[in-house]
1. Enumerate the amide H contacts of Gly54 below 5 Å, restricted to partners 5 or more residues apart or on another chain; note that Pro and chain-start residues carry no placed amide H.
2. Pairs Lys152/Lys200; Lys76/Lys147; Lys46/Lys135: which are spaced more than 32 Å apart, C-alpha to C-alpha?
3. With the crude spin-label approximation of a point 7 Å out along Cα→Cβ, what separation in nm comes out for Ser131 versus Ser204?
4. Between Lys152 and residues 5 or more places away or on another chain, which pairs have amide H atoms under 5 Å apart, with H built 1.01 Å from N, and which residues are they?
5. Treating the beta-carbon of each Lys and Arg as +1 and of each Asp and Glu as -1, no other charges, what is the dipole magnitude of segment 79-177 about its Cα centre, to the nearest 20 debye?
6. Output wanted: per-residue J couplings in Hz (rounded whole) for segment 161-175, from phi through Karplus 6.51 cos²θ - 1.76 cosθ + 1.60, θ = phi - 60°, x for Gly and Pro.
7. Tell me, what ³J(HN,Hα) does each residue in segment 199-206 have, in order and in whole Hz, if you take phi through Karplus 6.51 cos²θ - 1.76 cosθ + 1.60 with θ = phi - 60° and put x for Gly and Pro?
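Computed from the coordinates by the stated procedures, all read-outs in this text should not be read as laboratory data. It should be emphasised that the depicted structure is a prediction, and the values quoted were computed from it without experimental measurement. Methodologically, a virtual Cβ is constructed for each residue, glycine included, from the backbone with ideal geometry; neighbour enumeration extends over all protein chains shown.
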Amino acid sequence: MKDCFLKCLTLLVLASAFVSCDSGKKEDSKKAKDSAKTATATPATKKKVIVFFGNSLTAAYGLDDPSQGFAGLIQKRIDSLGLGYKVINAGVSGETTSGGNSRIDWLLKQPLDVFVLELGGNDGLRGIPVSETRKNLQAILDKVRAKYPDAKLVLAGMQIPPNMGQQYAAEFRDVYADLAKKNNITLIPFLLEGVGGESKLNQSDGIHPTAEGHKILAENVWVRIKDLL
């Protein structure tokens, strides 16, 4: 119960920092595009591509170096194992599923082999109907699968506190498991597992993970994707 309370408390605080996340959206979007261009410009490497498509968590908001974020740490793990994969960090702070659905078409101009979808948290904080979040997430998955039918898809789950109502919170949580089952894709049950509610693992805003927190997020992701590589 304590862990649940702490996670809920953390997500409640997240709403108050939404504006700060959104202020970094343009900068993150530029970084995401630059990263994608780099991958497109070097096809001779023949490395397979993993795209992390998400919001401020993926963008490593608040860290001095994006490589300290979980996506960057996954790249370091891949390199240490000698695996032929290039990680593309396509995280944009403040992104909603609607924004992601609009942005995905541009991203799909580059080839990809593994697609990790981390969106929805900002929808929950805005009280967007769960049906809309579900529709947008499904649309993104459909677009990726249509363009790259052989790509492996991964969905990162998120949770929101019950202040929006117990039913809303439960329906929001269940969206991820339902979509993963429906689309037969890999699910990361809760990306912030072990970090949400832990003050020492979050920045001063109480929301975004520190570099140490991102190490745990990286493990949460790695255990789910390692067998896909």
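1. Sorted by chain and number, the residues that satisfy this are Ala90, Gly91, Val92, Glu118.
2. Working: Lys152/Lys200 34 Å; Lys76/Lys147 28 Å; Lys46/Lys135 34 Å.
Exceeds cut-off: Lys152/Lys200; Lys46/Lys135.
3. 4.4
4. Those lying under 5 Å, H to H, from Lys152 are Val114, Phe115.
5. Numbers: 11 positive and 11 negative charges, 38 e Å.
That gives segment 79-177 a dipole magnitude of about 180 debye.
6. Once rounded to whole Hz, the list reads x, x, 5, 7, x, 4, 5, 4, 4, 5, 5, 4, 4, 6, 4.
7. These are the phi-based 3J(HN,Hα) values: 4, 6, 9, 10, 5, 4, 6, x Hz.
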